[in-house]
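What follows is calculated from the coordinates using simple rules that are stated; it is not laboratory data. Please read all numbers here as calculations on a predicted model, not as lab measurements. Cβ coordinates were reconstructed from backbone atoms using ideal geometry, including for glycine residues, and neighbour counts include every protein chain displayed.
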Amino acid sequence: MKFETHMKKISVLFVCLGNICRSPAAEAIFIKLIERKGLTDSFIVDSAGTGSWHIGKKADSRMRIAAERRNINILSRARQINSKDFDEFNYILAMDDSNFRNIQDLKKSEASTDFASIKKIQDFRSVFNVKEVPDPYFGGDEGFDYVLDILEDSVNGFLESIA
Ligand code: 4NP
């Protein structure tokens, strides 16, 4: 698909559990990538969590600091995925199998259409041969860098798959 200016924007929602570590990082990596490629105007990009604990909060400072070292700015505030997201986003990308199942369950119980394509971000990996983006929340600082490494790989792969 070529990105023409007259085309409708492509909307992408990255989803994890808390929306303070993995999905805000994926969102910021994707925003930086499309900026670099001059594609900013072709996309709507957002992130959300399946859980509600951190609604309104900035991303975890450990993730923001690890991202800043790569010149990636994480600016998002946490929100919870809701039934409207299934009608509004072309792509909903889950960080792990548990997020994926929770999104499918929510879709079954609440979504009114089959509009969004729901996938796991790791389906688009090429370098990092891991099936899920591991939850870094309860681990050490190195876990945040590892998440950024595997997300840079799979987020690139996702853009290539639709571009
Ligand atoms: P995330 O990480 O899903 O990558 O945002 C987590 C953040 C918080 C919690 C779990 C995972 N928590 O249990 O509060």
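For this structure, a couple of remarks:
- Using C-alpha pairs below 8 Å separated by at least 6 residues, the relative contact order for the chain is 26 percent.
- Between segment 27-60 and segment 148-163, the alpha-carbon center distance in angstrom: 14
- Between ARG69 and LEU39, the contour length at 0.36 nm per residue exceeds the alpha carbon distance by 8.4 nm.
- Stretching ASP123 away from ASP87 to a fully extended chain increases their span by 10.7 nm, per 0.36 nm per residue minus the current alpha-carbon distance.
- Antiparallel bridge percentage (DSSP; both residues within the chain; nearest 5): 5
- Helix-only arithmetic for the chain: the sum of -39500 (n - 2.57) across DSSP H runs with n ≥ 4, divided by the residue total, places the mean residue ellipticity at 222 nm at -12000 deg cm²/dmol.
- For segment 147-161, putting each phi into the Karplus relation 6.51 cos²θ - 1.76 cosθ + 1.60 with θ = phi - 60° gives couplings of 4, 5, 4, 6, 6, 4, 5, 6, 5, 4, x, 5, 4, 4, 5 Hz, in residue order, rounded to whole numbers and with x for Gly and Pro.
- Convex hull per residue volume in Å³, alpha carbons only, for segment 85-124: 55
- Net length gained if the chain between ASP141 and GLN104 were fully extended (0.36 nm per residue, minus Cα distance): 10.2 nm
- Of the three principal axes defined by the Cα atoms of segment 10-162, the extents in descending order read 41, 34, 30 Å.
- Each residue of segment 64-70 was assigned a 3J(HN,Hα) from its phi angle through the Karplus curve 6.51 cos²θ - 1.76 cosθ + 1.60 (θ = phi - 60°); the sequence is 5, 5, 4, 6, 4, 4, 9 Hz, with glycine and proline shown as x.
- Highest mean first, the peptides 12-18, 94-100, 137-143 sorted by other C-beta atoms within 10 Å per residue fall in the order 12-18, 94-100, 137-143.
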